[in-house]
Amino acid sequence: MMKKLLLADDSITIQKVVGIIFSTEEYQLEVTDDGDHAFTKALEEIPDLVIADISMPGKDGFELCRAIKNEPSLANTSVLLLPGAFDHFDEIKAGEVCADGWLTKPFESQALLDKVSQLLAAEPVRMAGVVTSEPEELPVEAQTEPSDIDADSAVNEVVLGLDAVDALTTPAEELDDESPDDIWDT
């Protein structure tokens, strides 16, 4: 059975990468670039899982998660938060809004696939304020705090990010043989 996913992220790079990752017959992916529109779309589409950036226009990922968890018609919808490597990610707040998990950007495509598969196989956290499960701990390398990153690494991340954006402006027919990880690595 096809799983419905909703991505809420204002980054065109993330939209394209996630679109490539979930372009199989197993998934139907809807994409929006702000939290308010994402909530409206979630009410219309009733996705199995919402993948939400923690800092985007309209409702941020935390607010979107809280709204989803408090909406009875979305009771079976899991929410995966996507903080950026340089975002301050508040694990306590994620627990308070009953996020089902999180994955720090940039991520490996297999890590996102694994996390989504895991969340789709599990029971979602119900109703904000009633925490029924804890989000899984991420490996140490996925929890890097901005203060732990030296200036050279930060510049390298920005340059790599700009290269990835350039790669995504390549016409789709030229990307047919590339995997999502190839795009991140360009």
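Any read-out appearing in this document is the output of simple, stated calculations on the displayed coordinates, not a laboratory observation. In this text the structure is predicted, and so the values were computed from the model without any measurement. All Cβ positions, glycine included, derive from the backbone under ideal geometry; neighbour counts span all protein chains shown.
Only residues that are surrounded by 14 or more Cβ atoms within 10 Å (Cβ to Cβ) and over 14 Å from the mean Cα position of the chain (by Cα) were counted across segment 27-42, and they come to 7. Every test in (1) of a type in the set (A, V, I, L, M); (2) under 21 Å from I12 (Cβ atoms); (3) surrounded by 21 or more Cβ atoms within 10 Å (Cβ to Cβ) is passed by V79 save one, and that test is (2). For K41, state whether it is over 21 Å from D90 (Cα atoms), basic (K, R), touching a Leu at 6+ places or on another chain (Cβ under 7 Å) and touching a residue at least 24 places away in the same chain (Cβ under 8 Å). Yes: the conditions hold for K41.
Please specify each residue of segment 1-21 satisfying the condition of being free of Cβ contacts under 8 Å to residues at least 24 places away in the same chain and within 19 Å of Q110 (Cα to Cα).
Matches in segment 1-21: Q15, G19.
For segment 66-76, a residue qualifies if it is in contact (Cβ under 8 Å) with a residue 40 or more places away in the chain and buried (at least 17 other Cβ atoms within 10 Å of the Cβ), and the qualifying residues are R66, K69.
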